[in-house]
Amino acid sequence: MDIRSKDKSYVASTYARFDVAFVKGEGSLLYDEHGEEYIDLGTGIAVSAFGVSDPIWANAVAEQARSLSHVSNLYYSQPQDDLAELLCTRTGMKKVFFGNSGAEANECAIKVARKYASDRYEGKRQTVITLKNSFHGRTVTTLAATGQDVFHTHFTPFTEGFAYAEPNNFEDFIRLQKQTNAIAVLMELVQGESGVHTLDKSYVQAVAAYCAENDMLLMIDEVQTGNGRTGTLYAYEQFGIQPDVVTTAKGLGGGLPIGACLMGERVADVLGIGSHGSTFGGNPICAAGAYNIISRINGEVLEGVKQREAYIRMRLMGEDGVLGVDGMGLMLGISCKRPNKEIVQACLKRGVVCLTAKNNVRLLPALNIPMRLLERAMDILVEEINSY
Ligand SMILES: Cc1ncc(COP(=O)(O)O)c(C=O)c1O
């Protein structure tokens, strides 16, 4: 049975797959079953921070796999503790809970908000405000948190307690807050899945100031924007805010499943013994991989992200088929005259992997994609964008 028939027969049909099967990867190059080479501008949707099967990361993971592959969270675990310490030192956050995905990191944030409300307000302030056009995950609760109606079908009843504010509209945020007496706000600073839209700094700062003055928790979803992707370790650093909660996943593990909910001073001890847990969360192999990734995201890497962003923007500027470019660092959304799906299909045929996000073309290359590969990929992408 070939791979396509096997997939159709045995794997749940939840994905509209492209007609390609990658069998090998080396950094920013992928190879399909016929040995064809592709330049990767998608990194498995912001996962392979230093490229696919990056050898330094793979060594760290293999070494851990050989010495202690798993230990229950009933016991201490050096790789998990080292990673938590590194994340706290690099961010100023105080404690970390580890799960296995972005959705789980957000579930944890929502639990933190509700427990905070329960401890301080006898559960009377229950609502979490999220933004329209947001995306926070696929569990029933994170779907409910997601501010897009298309995700609010089929799986009723959804978890209650979310209200959706218009992004970049502070009056709407205040209106909803007054209506619901919300305990927290959860937002992406660059809305990824809805097309890659960066929030206004002034809006984010106004919301942050309001949260600080009104005992509301400022919770930032950095599942996609985090771990160097936008040119700083976390995107919030560029907005001049200090969140109470930061969630992240994707690039954190560099290719292994790990999610983290970072908690600041106000909420560091809100979750007590027994209030949350996970069998695999912070598993030694995933934690060793994540430690390797985070410890390598230094000033030079972040500078490289900004240089590559500048190069991509320069290549797109003034091109006939380009209507606009949004995003930060190596998380960019391109709005084009030609339908985005056509562009992505045509690029794939010519050996360049890029993504869509709503109506835009989305680029999420490795933080260290070699310039010569980026140049080659941009030649093809620009040609396809202009072929409308
Ligand atoms: C901003 C954001 N939050 C949460 C998630 C969910 O992450 P996961 O698929 O790891 O559960 C995603 C995934 O695309 C995301 O982009």
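For region 144-157, enumerate the residues that are away from the ligand (no atom under 15 Å from the Cβ) and either touching a residue at least 40 places away in the same chain (Cβ under 8 Å) or among the hydroxyl-bearing types (Ser, Thr, Tyr) (or both).
Correct list: Thr153, Thr156.
Of the listed requirements (1) open to solvent by less than 30 Å² (accessible area, probe 1.4 Å); (2) more than 25 Å from Thr198 (Cβ to Cβ); (3) more than 16 Å from the ligand (Cβ to nearest atom), Thr141 misses just one: (3). So is Asp40 closer than 30 Å to Ile220 by Cα, charged (D, E, K, R) and not assigned by TED's automatic domain parsing to the domain that holds Ala249 or not? So Asp40 fits the description; yes.
Cβ-Cβ distances below 9 Å connect the following pairs, each with a first residue in region 158-171 that is over 17 Å from Thr127 (Cα atoms) and touching a residue at least 24 places away in the same chain (Cβ under 8 Å), a second residue that is small (Gly, Ala, Ser) and crowded, with 17+ Cβ neighbours inside 10 Å, and a separation of six or more residues or different chains: Pro167/Ser134; Pro167/Gly147.
Give region 240-290 a look and list any residue that's assigned to a helix (DSSP H, G or I) and open to solvent by 10 Å² or more (accessible area, probe 1.4 Å), or say none. Step through it out loud before you land on a result.
From region 240-290, those assigned to a helix (DSSP H, G or I) are 250-253, 265-267, 284-290; that's our starting set.
Lys250, Glu265, Arg266, Ile285, Cys286, Ala288 - these are the residues of region 240-290 that are assigned to a helix (DSSP H, G or I) and open to solvent by 10 Å² or more (accessible area, probe 1.4 Å).
Has region 369-388 got at least one residue that is open to solvent by 70 Å² or more (accessible area, probe 1.4 Å) and either under 19 Å from the mean Cα position of the chain (by Cα) or within 18 Å of Phe50 (Cα to Cα) (or both)? Yes: region 369-388 contains one or more residues that are open to solvent by 70 Å² or more (accessible area, probe 1.4 Å) and either under 19 Å from the mean Cα position of the chain (by Cα) or within 18 Å of Phe50 (Cα to Cα) (or both). Of the candidates Gly51, Gly44, the single residue that is open to solvent by less than 90 Å² (accessible area, probe 1.4 Å) and within 19 Å of Thr356 (Cα to Cα) is Gly44. Looking at Ala103, is it surrounded by 15 or more Cβ atoms within 10 Å (Cβ to Cβ) and in contact with a Lys or Arg (Cβ under 8 Å, 6 or more places away or on another chain)? For Ala103, the condition - surrounded by 15 or more Cβ atoms within 10 Å (Cβ to Cβ) and in contact with a Lys or Arg (Cβ under 8 Å, 6 or more places away or on another chain) - is met.
The set of residues in region 110-138 being surrounded by fewer than 17 Cβ atoms within 10 Å (Cβ to Cβ), away from the ligand (no atom under 13 Å from the Cβ) and in contact (Cβ under 8 Å) with a residue 12 or more places away in the chain consists of Asp119, Arg120, Tyr121, Lys124, Lys132. Of all the numbered requirements in (1) out of contact with any Asp or Glu (no Cβ under 8 Å at 6 or more places or on another chain); (2) within 15 Å of Met219 (Cα to Cα), Ile293 misses one, and that requirement is (2). Of the residues making up region 305-360, those that are open to solvent by less than 80 Å² (accessible area, probe 1.4 Å) and charged (D, E, K, R) number 7.
Taking the residues in region 239-257 that are among the small types (Gly, Ala, Ser), within 11 Å of the ligand (Cβ to nearest atom) and out of contact with any Cys (no Cβ under 7 Å at 6 or more places or on another chain) as candidates, determine which candidate is nearest to Thr142 (Cα to Cα). Checked region 239-257; the qualifying residue nearest to Thr142 (Cα to Cα) is Ala249.
Within region 94-103, being more than 14 Å from Gln224 (Cα to Cα) and either within 12 Å of the ligand (Cβ to nearest atom) or touching a Leu at 6+ places or on another chain (Cβ under 7 Å) (or both) holds for Val96, Phe97, Gly99, Asn100. Within region 217-238, the set of residues being among the hydrophobic types (A, V, I, L, M, F, W, C) and either within 13 Å of the ligand (Cβ to nearest atom) or open to solvent by 10 Å² or more (accessible area, probe 1.4 Å) (or both) comprises Met219, Ile220, Val223, Ala235.
Give the residues of region 334-350 that are charged (D, E, K, R) and under 20 Å from Tyr31 (Cβ atoms), sorted by residue number.
Of everything in region 334-350, those that are charged (D, E, K, R) and under 20 Å from Tyr31 (Cβ atoms) turn out to be Lys349, Arg350.
Can you tell me which residue among Asn181, Asn214 is away from the ligand (no atom under 16 Å from the Cβ), closer than 19 Å to Ala144 by Cα and open to solvent by 20 Å² or more (accessible area, probe 1.4 Å)? Give the derivation first.
On the way: Asn214 fails: closer than 19 Å to Ala144 by Cα.
Criteria check complete, one pass: Asn181.
The values are calculated or read from the model by the stated rules, or taken from the named source; none is laboratory data. Note that the coordinates shown come from a computational prediction; the quantities given were computed from them, not determined experimentally. All Cβ positions, even for glycine, are placed from backbone atoms using ideal geometry, and neighbour counts span all protein chains on display. Ligands, DNA and RNA are excluded from the accessible area calculation, which covers all protein heavy atoms including side chains. Shrake-Rupley method; radii C 1.70, N 1.55, O 1.52, S 1.80 Å.
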